[in-house]
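In what follows, a structure is listed as structure tokens, so that the remarks can point back to it.
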Amino acid sequence: MSAFPDNVLELINANLGGFNNSLGLHFTKAAEDEYVAEIEVADHHLQPYGLVHGGVYASMVETLCSTGAALTVWGENKNTVGLENNTSFLRAVRGGRLRCTARPMVLGKRSHVWEASIHDDQDRLVASGRVRLMVLEPGAAVAGREVGLQGQNGSEE
């Protein structure tokens with residue numbers, strides 16, 4: 001992996017995209033072996049019972065693991081795409097801040113496996129997950145288009 005630019009956190013947060021922005025996700029750490037992001041739980045994160053929706057946890061796990069994998073191969077001009085997300089919901093949460101931390105488990109030439117844990121503002125483990133990702137060579141296409149960062153309107157940047 002190439003060295004990160006000094007403003008890597010600013011770049012990550014500026015390029016999260018519509019879905020992650022609607023979650024309110026904000027990265028607070030980006031290092032070769034660890035990525036951390038947080039959200040403040042709001043009404044739109046809750047399911048009908050007033051608990052944080054499982055999709056919020058799965059989305060945090062997916063985003064942090066995917067970001068870590070993408071930045072791991074960034075210096076090689078490669079991309080990564082998710083193949084599998086297994087997220088377990090361990091403790092119910094109704095509010096507060098959620099902090100997700102992701103770390104690599106396996107960094108192969110063709111696939112990566114990352115793990116993530118989500119803690120509440122009392123530092124209790126509330127969810128954990130693993131994401132398996134495929135490493136793509138430069139110029140690889142997925143769903144009929146070359147893989148690359150997308151702008152808010154879906155156009156490649």
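No value in this document is a laboratory result; all are computed from the given coordinates. Keep in mind it's a predicted model, so treat the numbers as computed, not measured. Every residue, glycine among them, receives a Cβ derived from its backbone with ideal geometry; neighbour counts consider all protein chains shown.
Results, tabulated for the structure shown:
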| item | result |
| --- | --- |
| The lone exception for residue 64 - which of (1) over 22 Å from residue 79 (Cβ atoms); (2) under 11 Å from the mean Cα position of the chain (by Cα) it fails | (1) |
| Single unsatisfied condition, residue 62 versus (1) within 14 Å of residue 118 (Cβ to Cβ); (2) free of Cβ contacts under 8 Å to residues at least 60 places away in the same chain | (2) |
| Residues that are in a helix (DSSP H, G or I), under 17 Å from residue 13 (Cβ atoms) and of a type in the set (Phe, Trp, Tyr), drawn from region 27-80 | 74 |
| Long-range neighbours under 7 Å by Cβ, at least six apart or interchain, first residue on the phi > 0 side of the Ramachandran plot within region 126-146, second among the hydroxyl-bearing types (Ser, Thr, Tyr) | none |
| Any chance residue 102 is touching a Gly at 6+ places or on another chain (Cβ under 9 Å), over 14 Å from residue 119 (Cβ atoms) and surrounded by 17 or more Cβ atoms within 10 Å (Cβ to Cβ) | no |
| Residue match in region 81-96 (condition: in a loop (DSSP other than H, G, I, E, B), of a type in the set (A, V, I, L, M, F, W, C) and without any contact (Cβ under 8 Å) to a residue 40 or more places away in the chain) | yes |
| Residues satisfying the stated conditions in region 4-22, i.e. touching a residue at least 40 places away in the same chain (Cβ under 8 Å) and not in a loop (DSSP other than H, G, I, E, B) | 8, 12, 18, 19, 20 |
| Single residue of 55, 68, 75 found to be touching a residue at least 40 places away in the same chain (Cβ under 8 Å) and out of contact with any strand residue (DSSP E or B) (no Cβ under 7 Å at 6 or more places or on another chain) | 75 |
| Residues of region 68-112 satisfying the condition of being under 18 Å from residue 37 (Cα atoms) and among the basic types (Lys, Arg) | 97, 99, 103 |
| Residue in region 120-133 that is surrounded by fewer than 17 Cβ atoms within 10 Å (Cβ to Cβ) and aliphatic (A, V, I, L, M) present | yes |
